[in-house]
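Written below as structure tokens is the structure these notes are about.
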Ligand code: FE
């Protein structure tokens, strides 16, 4: 096919614009999701299969792997007990901005307040501090050739995610969590 100079220039401009649009969408990282759905709220009463779940009892839980496998959903069990990580930008809370409290999905322990949540481009829900200092525990994680700090639930020791030192003030911490291990309860107002 033969193009005239003006057609050639037009074609070149169109192709360059398309290339620019594609590269911008790739660099941006986050999918183009403009509307944030309101996550389905799980109440304490909906955890009938898990007798250890409580949003008020703070006693430490020491249960066998077999018991956890029985009382948790397969998806929650996989992350909580095997340390799996959900895919970035897929969890229900990574860009959620509701006002309320986040609890551990495995045991009901209170973990984070929405006031401590910040907009992070990493694709996982991120917080700069926990509700209480003993809400979580920390473990050194040397997997995948990296040195990271794993964050586990302070009550049931479920794997929640990792904490990094590149968060915003006032703490400078970034608690990078798996949405599937979090349950949100909106503030009553
Ligand atoms: Fe827990």
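Bear in mind these aren't lab numbers, they're just calculated from the coordinates by the rules spelled out. The model shown is predicted, which means the values in this text are computed figures rather than measured ones. Cβ coordinates were reconstructed from backbone atoms using ideal geometry, including for glycine residues, and neighbour counts include every protein chain displayed.
For segment 102-124: of the residues being within 16 Å of the ligand (Cβ to nearest atom) and within 14 Å of the chain's Cα centre (by Cα), which is surrounded by the fewest Cβ atoms within 10 Å (Cβ to Cβ)? First the steps, then the outcome.
Initially, segment 102-124 is screened for residues within 16 Å of the ligand (Cβ to nearest atom), giving 102-112.
Of the ones still in play, those that are also within 14 Å of the chain's Cα centre (by Cα) are 102-105, 111-112.
Details: 102: 28, 103: 25, 104: 27, 105: 28, 111: 27, 112: 27.
Across segment 102-124, the extreme among qualifying residues is 103.
Scanning segment 60-116 for residues that are in contact (Cβ under 8 Å) with a residue 24 or more places away in the chain and assigned to a strand (DSSP E or B) yields a count of 8.
Quick one: is residue 161 at positive phi and more than 16 Å from the ligand (Cβ to nearest atom)? Against the criterion (at positive phi and more than 16 Å from the ligand (Cβ to nearest atom)), residue 161 does not qualify.
Annotation note: of 163, 131, 151, the sole residue that is in contact with a strand residue (DSSP E or B) (Cβ under 6 Å, 6 or more places away or on another chain), without any contact (Cβ under 8 Å) to a residue 60 or more places away in the chain and either in a loop (DSSP other than H, G, I, E, B) or exposed (fewer than 15 other Cβ atoms within 10 Å of the Cβ) (or both) is 131.
Look at residue 92 and say whether it is in contact with a helix residue (DSSP H, G or I) (Cβ under 6 Å, 6 or more places away or on another chain) and more than 16 Å from the ligand (Cβ to nearest atom). Spelling it out, residue 92 is indeed in contact with a helix residue (DSSP H, G or I) (Cβ under 6 Å, 6 or more places away or on another chain) and more than 16 Å from the ligand (Cβ to nearest atom). Considering only residues of segment 166-189 that are touching a strand residue (DSSP E or B) at 6+ places or on another chain (Cβ under 8 Å) and away from the ligand (no atom under 16 Å from the Cβ), which is nearest to residue 102 (Cα to Cα)? Going through the qualifying residues, I end up with 186.
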